[in-house]
Each structure stands twice: as C-alpha cells, then as structure tokens.
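Accompanying notes for the structure given below.
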Amino acid sequence: MSGLIMNRRKLLVGSAALGSSIALAGCDQFNFLGQRGHPVRQALEQANVLTYRAQRALIGDQTLAREYAASEIRQGMKPNGSTQPTTPEYTFLKMQNFASYKLTIKGMVEREVSFSLNELRNMPARSQITRHDCVEGWSCIAKWTGTQLGPLLDMAGVKPEARYCVYHCFDNIQKSLSGEIFYYESSDLVDAYHPQTILSYGLNDQVLPVSNGAPVRLRIERALGYKQPKYLHTIELVDDLTPFGMGKGGYWPDNGYDWYGGI
Amino acid sequence: MSVDSSQEQPAGGEPRPSADASSQTPVARPKGPLVYRQSIWTRLTHWVWVICLFFLLLSGLQIFNAHPALYIGQQSGFEFDNSVLRIGAVNTPQGPRGQTTVFGQTFDTTGVLGMSGTAEAPAYVGFPGAVTIPSYRDLATGRVVHFFFGWLMVAALFVWFLASFINGHLKRDILPRGGDLKELPRDIGDHARLKLHHGRRYSPLQKLSYFAVFFVLFPLIVLTGLTMSPGMDAAWPWLLDLFGGRQTARTIHFGTMVLLVLFFIVHILMVLLAGPINELRSMITGWYRTSPGTPAAEGDKP
C-alpha cells in the first residue's frame, strides 16, 4: 500500500511538473495560429463563415437591435480608433464646418448620387438609443440620430448584381511604407437595408463630434463597433470585396478580424 | 437507487481490501469484475471537450486581455463605476506594479496579473502570455480560435445529450434521484476519507458534479457567450433580460470559466486518487475495473 501511495505521490508531482511546463511553453507553440494565411488558421476561420450563415438564417432581416430608455444614457460615447483624421482634405472640411461635404453613392447603381450634409439632415430622421459593443469587450449606450441608408440606396437604384456596400472613410488610420491606409468597411445588403442602419449626424442630441466620426458615421446596430465606420464619404456597391484593401472587406478584417462582426 | 448503490459496495461486514490483508497476500488481492462503463459517445465527446476547453480557456484569456475589466449591467462604466474586476498596471514610487481590483479590494499581483514577464522586459497585460493563445497580444486570432472551438464544443454537447438520452447514461449516471440525496452524506464522508468505491454507476457526488457541469455550467457559459453577440441579442432579446445586460453576461461568462477550471482541478485530482490507469482506461476503451465485491453482470469481463 505504501508503494502505491509513493506512486501516486510521484505521479502527482510528475503531472504537476508536466502540466506547468505545458502551460509555460504551451502557448508559444500555438503562435502559428496568428499567421494570417496559415492553412490551419484558414480552417479555423471557417467557423466565422458558419456564424455568419447561422445568424443570417436565425435572425430576421428586419429584426431590430434593442433600443434603450433615455435613462440608460449614463455617460458620453467613448471615442475609440481614429479620433482626429489628419489629412488636408478632412482638415479643410472640418475648418469650414463640413459645408462642402458630400456623401456619394456609386458603383453598381443606376445613377451615382451625392448628398450634402444639409440634404441628409433634411431627410426623414430616425433616433435610436442603442448599445455600442466594441470588439475589445466593452459596451456604451448612446443616442444616434440620422437618416436611414435604405431609401438613399433606392434613390441611387441598386443594380441586381450588387452584393455588398463598401464604406470609404476619410480617416488615415495607419501609415505604411506604401503610404497612408484609409479606414474602410463593408456589409451585405441585409445590413445596409436594415431599418436601424442610419447615416448618423447626431449623437446624444448634439452634432456628431469629430472624435465620434463627424460629419457622418454609419450605424449597423447588430454588429460590433468596427462595423460602424466613422468619417464616411463614399458608399460603393460591388459584387466582390477582393479589390479593396487587402481583400477582406474592411480595415480590421484585413487585420485578421472576422468580416461579419455580428458576434 | 439505494439498493443499487449498496450492491456496488461490499456491505458492512464484507472484507474490504485492508492494508494488512494486501500486505500479507499482495498477489491474491481480490478484484471486482471489469465492466463496460463508458460508451463510445461518452468517450469521444470527453476527449473533444478536453481539446475544446483547453483552446477556449487560453483564447478566452487572450480576448479578456483586450479589455481586462468586468462590469455589472448593460454597459461599461467609463464615467461611472460599475466594475467588479479590473486588472491593470500602475506607477508607484518603486516602479510599475501589477494591480487587480476585485469587488473594490485592490491586490498587488505583480508577476502574474497586470504585469508579468522579466524585469528587463516586463509585459503589461492582464493574464500573462504563458496562459494565452497566441502568447503575444492578438485579439483577432484569439477570436478566431475561440469561435471555432466554441462551435465544436456545442456540437459535442448536442451529440452527448442525444446519445446519453438514448443509451441511458443521462438517467443512470447524471440525473440525481431521491436515493442519491439519501446516500450523499455517506458518500461525502467516504470521499473525505479518500475511500473511493469503483462501482458500475456513478456515486451521488459524481452525479451531482456532472449534473452541475452539464445542466448548469455548460448551458450558462454557452448562453452568456451568445449574449455577447450583438446579432444574437437582436434575435433573442430575452438573453439580455435573463442575464441582466451584456456586461453582466460577460462577467458571468468569466465566472463560469473560473468554476470550470476548479472542476477541472478537482476532476484531475480525483482521477489520480481513484487510480489514474483504471480511470484513463475507462475513458479510452470504456472498460473499468470495479471494486472487489461488485456483483458481476452479463457482459462483464473477469
């Protein structure tokens, strides 16, 4: 019996040592999963395609994200990502209070259309108090006011072959050796036509501030914060996302984040 | 149930293998029959979960590190304080230190939480790179790994529930019944004295543990995980009401992880104490050596 106890003790010590060495060394061994384009990572990424398809099948196209009571606005909207674009173009627009700002809808449309900020403000407005969920994990509730994107797309006349909206932005989020990288995002037409998808120019009953995306920020309320592009200037309808950026459909998707962003 | 349990173990006066008996005749130690205890579905899903929970834990800590704080409510307080856990680094006259605040109590956790690594190359992260995948800060990869194994874990859960319902594992070994509660005090006493009986079925404590894992912890961690998805919150808004907000759900998700880690530690300790070879064999081949005195049944091996 004492022999058995010794064995168990040895086993306990041995497995503890083995366990801790696996834990200490273990995670370097899985760093290859961080390599974009590694075949194992590409296989794991298929789970994101499954998530997208499952959520599209499960969630009605018109189902709304929860809207909160005004009492739930307990703080300002936390700015994140770009908070001050520095290109001459944006600086000039900001100086003249976005008077010459134009939002353009182009690409696979019957007619290219542009709207000034005043034109957008004079369109039917929608206000929604929603929860902004950042991919980092935090949430912040704020009131967003703007005009729905769907009717604007209808004014441009989306061609039947169009599958995605690409959202081009003013903010130079990153400097690379080949020049500045501008923020962009994209969505399918379900998200583009969703009733809560608005081109917001107001935040918490004030004019949308620069740190939160002035003059216009798109809201896609059933997705994470990185799917809500700030400093938006052009919406391009396309049938293929590969020609843009690194081909994944957005600045953060190009950096390894899932494109759908609903989870 | 009490009848079944008493059959598994030698009754009061029966000779249990005592220390002096085995030292006198170590060769002729009596053995119980070899029983087929774990079906292929139990074994398969068990090992799938071993892999899943390993990757889910380590990628989950990576995701947590992107914002190492937990809150109660719908949102995260930046201009008010609704946090229950906060890990970070602070500057002190003695240099930077890692700090963890739990329910308002602040602890110095330098070397483990908030600040780790070597003195020459300190890393200011929530959980140290030794327990995250990847070992460096990479939220995007953490999410890719987490969601893949999340799907796999849920798939295995469906397979297990279906198979265990059909083959009776659920009724026999998991769902506690009145008799189990009556047996519980004695079973706790036996476990406390490390008198572990190897029966055909699970003991009351085992049943309760696995019941808690399958009917409380696993559903809780899956549902709170779904509550963090803005898409799922649109589809199932009751998730937000059930858990009291997305940020509370995130906190419960983390707390359930801690409980599953505790379960894992106890699980491994019990396997080691109960005889790791026999326990491992039963989870690989399905065959389990029972305690002496266990009545043989059809299909057993000697």
Set B:Leu85, B:Leu70, B:Leu113: member being buried (at least 17 other Cβ atoms within 10 Å of the Cβ), touching a strand residue (DSSP E or B) at 6+ places or on another chain (Cβ under 6 Å) and without any contact (Cβ under 8 Å) to a residue 60 or more places away in the chain
B:Leu113
What tally of residues in segment A:121-136 results from selecting those that are in contact with a Ser or Thr (Cβ under 8 Å, 6 or more places away or on another chain) and either buried (at least 21 other Cβ atoms within 10 Å of the Cβ) or over 18 Å from A:Arg219 (Cα atoms) (or both)?
3
Within segment B:81-101, is even one residue more than 12 Å from chain A (Cβ to nearest Cβ), at pLDDT below 95 and part of a loop (DSSP other than H, G, I, E, B)?
yes
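Looking at the structure I just gave you, is A:Thr51 assigned to a helix (DSSP H, G or I), among the β-branched types (Val, Ile, Thr), at negative phi and within 8 Å of another protein chain (Cβ to nearest Cβ)? Lay out the reasoning, then the answer.
Working: assigned to a helix (DSSP H, G or I): yes; among the β-branched types (Val, Ile, Thr): yes; at negative phi: yes; within 8 Å of another protein chain (Cβ to nearest Cβ): yes.
So A:Thr51 passes the test.
Of all residues in segment A:109-120, which are within 27 Å of A:Leu64 (Cα to Cα) and either crowded, with 17+ Cβ neighbours inside 10 Å or in contact (Cβ under 8 Å) with a residue 12 or more places away in the chain (or both)? Outline the logic, then answer.
Taking segment A:109-120 and keeping what is within 27 Å of A:Leu64 (Cα to Cα), we get A:109, A:115, A:117, A:119-120.
Residues satisfying the conditions are A:Val109, A:Phe115, A:Leu117, A:Leu120.
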Only one of B:Phe254, B:Phe214 is within 11 Å of another protein chain (Cβ to nearest Cβ) and not β-branched (Val, Ile, Thr); which?
B:Phe254
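If a residue must be more than 7 Å from chain A (Cβ to nearest Cβ) and either under 19 Å from A:Gly137 (Cα atoms) or surrounded by 22 or more Cβ atoms within 10 Å (Cβ to Cβ) (or both), how many such residues does segment B:123-135 contain? Working first, answer last.
Within segment B:123-135, the first condition is being more than 7 Å from chain A (Cβ to nearest Cβ), and the residues that meet it are B:123-128.
Still in the list and also either under 19 Å from A:Gly137 (Cα atoms) or surrounded by 22 or more Cβ atoms within 10 Å (Cβ to Cβ) (or both): B:124-128.
Of the residues in segment B:123-135, 5 are more than 7 Å from chain A (Cβ to nearest Cβ) and either under 19 Å from A:Gly137 (Cα atoms) or surrounded by 22 or more Cβ atoms within 10 Å (Cβ to Cβ) (or both).
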Residues in segment B:219-239 that are under 25 Å from the mean Cα position of the chain (by Cα), in a helix (DSSP H, G or I) and over 14 Å from A:Ala54 (Cα atoms): how many?
9
Of all residues making up segment A:54-75, the number that are more than 7 Å from chain B (Cβ to nearest Cβ) and within 16 Å of A:Gly261 (Cα to Cα)
4
Here is a list: A:Gln96, A:Gln84. Which entry is among the polar types (S, T, N, Q) and touching a residue at least 12 places away in the same chain (Cβ under 8 Å)?
A:Gln84
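So, restricting to helices (runs of 4 or more DSSP H) that lie completely within segment A:108-210, which ones have at least 3 residues that are more than 22 Å from the chain's Cα centre (by Cα)?
Working: elements: A:117-121, A:149-156, A:189-192.
Because the criterion is at least 3 residues that are more than 22 Å from the chain's Cα centre (by Cα), the helices (runs of 4 or more DSSP H) in segment A:108-210 that meet it are A:117-121, A:149-156.
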Considering only segment A:226-263, state which residues are within 11 Å of another protein chain (Cβ to nearest Cβ) and among the β-branched types (Val, Ile, Thr).
A:Ile263
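The values are calculated or read from the model by the stated rules, or taken from the named source; none is laboratory data. Only a predicted model underlies this, so the values are computations on that prediction, with no experimental measurement involved. Positions of Cβ are generated from backbone atoms using ideal geometry, with glycine treated the same way; all protein chains shown enter the neighbour counts.
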